[in-house]
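Below: one structure, written as structure tokens.
FYI, it's all coordinate maths here, none of it is from the lab. Being a predicted model, the structure only gives us computed values, none of them experimental. Using ideal geometry, Cβ is built from the backbone for each residue, glycine included, and neighbour counts are taken over all protein chains shown.
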Amino acid sequence: METQIGNIKFSHPIFNASGPACTTLEELEIIGKSESSAIMMKTCSLEPREWNPEPRYKEVPLGSINSMGLPNLWYKKYVEFSHILKEKYKKPVIASVVWFCSTQACNNDFEIIVKAFQEDSLVDLIEVNLSCPNVVGKPQIAYDFETSDTILSLVENLWNKDIGIKLPPYFDPSHTNAMSEVIKKHPQVKFITCINSVGNTLIIDPETEQPIIKPKWGFGGLGGEYVKPIALANVRAFYKNLWESVKIIGAWGILNWIDVYEFLLAWASAVQLGTTFAKEGPEAFARIKKEFENYLEKKWKKSLDEVIGKLKEL
Ligand code: RRO
């Protein structure tokens, strides 16, 4: 069940997404005690941020819609938490960081935050979130390839921890190809997470005749089963371009071992639980891990290398 991202070994491929219940130390300790193979922390910024107004998260039959608004305690807290979490739980701890500018000619939030995690923290990996869909007036950076390139130039080579990027869904090969070209220019990028929620979607309650969440006129990030085929397609599209240079973490729509198996076949080396963790709590990690382990045993698979990227052509 062992897997590897960058230089970091994971005991198995299932851990939490930077999203639900990973903002406070108390929540992160719950993940530490669970069978999640890593502790992924909430995306953090240069200043603390409050939650968006409620309702901001709703479960629906096929997934969830959210507009949390990037609530976090500020990056220095997560630098501090990394020491506590690493000491206590002895598993990979991952930081997630964000940038707040929408133009190239602006401040250097990312550089300051990434430097702090590189130099002062005990995190193993740093995920640069280029795809938060829920901040009013701030576009998802990874849809702008030039700005993404500039940011990666700023944050790479600040120290020796591997970095990764959290990408939004792309819906056209020209876009996955353009982002692949950007990634190839930055060898310190050792993983990509596909995908963040599908941004700016709308779910309407016909009874109340209103959107089901409040922020941004009801527009929020869609996750869960709804988006699994989009996530799988993004994993596979990047495989075709980047298989030699980066690892992929798959996210969204992982309800059980079958979903893990599909993401690994497409080429994910690990998967993150978002909606399923929010719904089921930390027991979800143990359940899905056990199911997946049983399946691999039944199929006589001796290691994940026999599964990862082994999708057959039709
Ligand atoms: O906090 C959020 O609203 C949020 C973030 Br930072 C993100 O990256 N993706 C998402 O669906 N919600």
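Things to note:
- The stretch 125-198 shape via C-alpha gyration tensor axes, a/c threshold 1.5: prolate
- What separates the Cα centres of the stretch 263-314 and the stretch 134-190 is a distance of 26 Å.
- Cα gyration tensor shape of the stretch 1-140, rounded if a/c is under 1.5, else prolate or oblate by comparing a/b with b/c: oblate
- Multiplying the residue separation of Lys33 and Glu146 by 0.36 nm and removing their Cα-Cα distance gives an extension gain of 36.6 nm.
- Largest mean-square fluctuation among Lys302, Lys115, Lys58, in a Gaussian network model of the chain whose springs join Cα atoms under 10 Å apart, belongs to Lys302.
- Amide H contacts under 5 Å for Val60, placed H, 5+ residues apart: Ile65
- Three-way shape call for the chain based on the alpha-carbon gyration tensor, with the a/c threshold at 1.5: rounded
- For the stretch 60-103, the residues whose backbone nitrogen is under 18 Å from a point 7 Å from the Cα of Lys279, taken along Cα to Cβ, are 60-67.
- Fluctuation leader among Thr276, Thr201, Thr43 - the chain, Gaussian network, Cα springs under 10 angstrom: Thr201
- Cross-link partners of Lys184 among lysines, defined as those whose alpha carbon lies under 28 angstrom from its own and excluding same-chain residues fewer than eight positions apart: Lys9, Lys42, Lys115, Lys138, Lys161, Lys166, Lys228, Lys240, Lys247, Lys310, Lys312.
- Less than 5 angstrom separates the built amide H of Val93 from those of Ile39, Asp124, Leu125, all sequence-distant by 5 or more or on a different chain.
- If you bin all the Cα-Cα distances of the stretch 140-297 at 5 Å, starting from zero, the percentages per bin are 2, 9, 16, 18, 17, 15, 12, 8, 3, 1, 0.
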